[in-house]
Amino acid sequence: MAETRAADWVRPAIRELSAYRVADASGLVKLDAMENPWPWPAELREGWLEALAAEPVHRYPDPAAGEVAGRLRRVFGVPAGADLLLGNGSDEILQILVHAVAEPGRTVVAPEPGFAMYRLLAEAAGMAFVGVPLGEDFCLDREALLAAIAEYRPALVFLAWPNNPTGNLFEPEAVEAVLAAAPGLVVVDEAYHAFARESFLPRVADHPDLLVLRTLSKAGLAGLRLGFAAGHPEWLAELDKIRLPYNINRLTQATVRFALDHWEAFEAQAAAIRDERERLHAALAGRPGLTVWPSAANFLLFRAPAGQGRALFEGIRERGVLIKDLSGAGGALADCLRVTVGTPKENAAFLEALDGALGLTR
């Protein structure tokens, strides 16, 4: 194939980036992507399919997804006075946020380790990214973060709550201190709210420069790609200017409307995942040589014996289970692996593979 002129025209900042990679899970028990492992409740499928069949897919969808937004307000208790912006997953909203404020010399600040897309999106937009290391046991280093805010005056501060990949909730008082100190927008990313049961969403009415992000992906609708941001109408009016038209397709809108009308079924699944999380945490804590951290999300971060992180990951994969290898990041994540909480059967398969990789007999 002939050479292209991509090297001449693609911005250097883009050429230096690495794409966000998704591992191939073919033939494996998939516990690497923080998905809800449970399928749609069987009793809802007929009604859901009828709702899909009624959609006139030859027509564009509602550009504002107004009915979906109304149900989101009702189900999640969005405060009066706050507006919503819907995205093709919360990732699209992150991208909109970064592009809305990107200017030469501006900065994005976030704790690290954290969600990799914060850095990638900032650097792709030509902004500086400042990662503030987390403290002991991945707690928020409040003083270091406040110092970075004072020094860099960031346009955006991202706080994942619970944090990914560590799973912990930062102290609410520390988040409040960030809100008081930040000169720009503070984004509290609550992708794992279904498993944390705590939220800053009720506080968006009190903080005009707070935006709370949610996604329905972790609660059981990952294939639909729907996320939303809640915040002050002035912020969301500006962000809406660069939202692509018709970004929420008809079938997603129909499915989400139906799902939100039966949300108690998905809440029951989330409760089952929380129960499994505690059992899986206890099982990992009982394995010699491993360190596992508490989690308010639907995954667990654990550390292998020194120098064995990659080998343990490979051993688990060879036994048919795919988890996430974070050991290559080094630093605070040296020898760390992350496992999504699956069904009891999937978790049992993971533990069996883990024991085999560790050379344990049970």
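The values are calculated or read from the model by the stated rules, or taken from the named source; none is laboratory data. Note that the structure is a prediction, hence the values are computed from the model and not measured. Cβ: placed from backbone, ideal geometry, glycine included. Neighbour counts: every protein chain shown. Please note that ligands, DNA and RNA were not included when accessible areas were found on the heavy atoms of the full protein model with its side chains. Shrake-Rupley method; radii C 1.70, N 1.55, O 1.52, S 1.80 Å.
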Shape call for segment 1-49 from the C-alpha gyration tensor, a ≥ b ≥ c root eigenvalues: rounded (a/c under 1.5), prolate (a/b greater than b/c) or oblate? prolate
Starting with the highest mean, order 179-186, 316-323 by the number of other Cβ atoms within 10 Å, averaged over the residues of each peptide. 316-323, 179-186
For Trp38, Trp9, Trp161, give me the order by solvent-accessible area with a 1.4 Å probe, most accessible first, ignoring ligands, DNA and RNA. Trp9, Trp38, Trp161
When the chain is treated as a GNM, springs tying every alpha-carbon pair under 10 Å, which of Lys218, Lys345, Lys324 comes out with the largest mean-square fluctuation? Lys345
Keeping to pairs on different chains or 8 or more places apart, tell me how many lysine pairs in the chain have Cα atoms under 24 Å apart. 6
Probe of 1.4 angstrom, ligands and nucleic acids ignored: what's the accessible area per residue over segment 1-159, in square angstrom? 58 Å²
Can you tell me the dipole magnitude for segment 215-362 around its Cα centre, using point charges on the Cβ only (Lys, Arg +1; Asp, Glu -1), in Debye to the nearest 20? 240 debye
Given charges of +1 on the Cβ of Lys and Arg and -1 on the Cβ of Asp and Glu, with all other atoms neutral, how large is the dipole of segment 258-316 about its Cα centre, in debye to the nearest 20? 480 debye
Per residue, how much accessible area does segment 184-289 have with a 1.4 Å probe, in Å²? 39 Å²
Quick one: compute the contact order of the chain, relative version, from alpha carbon pairs under 8 angstrom and 6+ residues apart, as a percent. 22 percent
Whenever you get a sec, compute what percent of the accessible area on the chain sits on carbon and sulfur atoms (1.4 Å probe). 52 percent
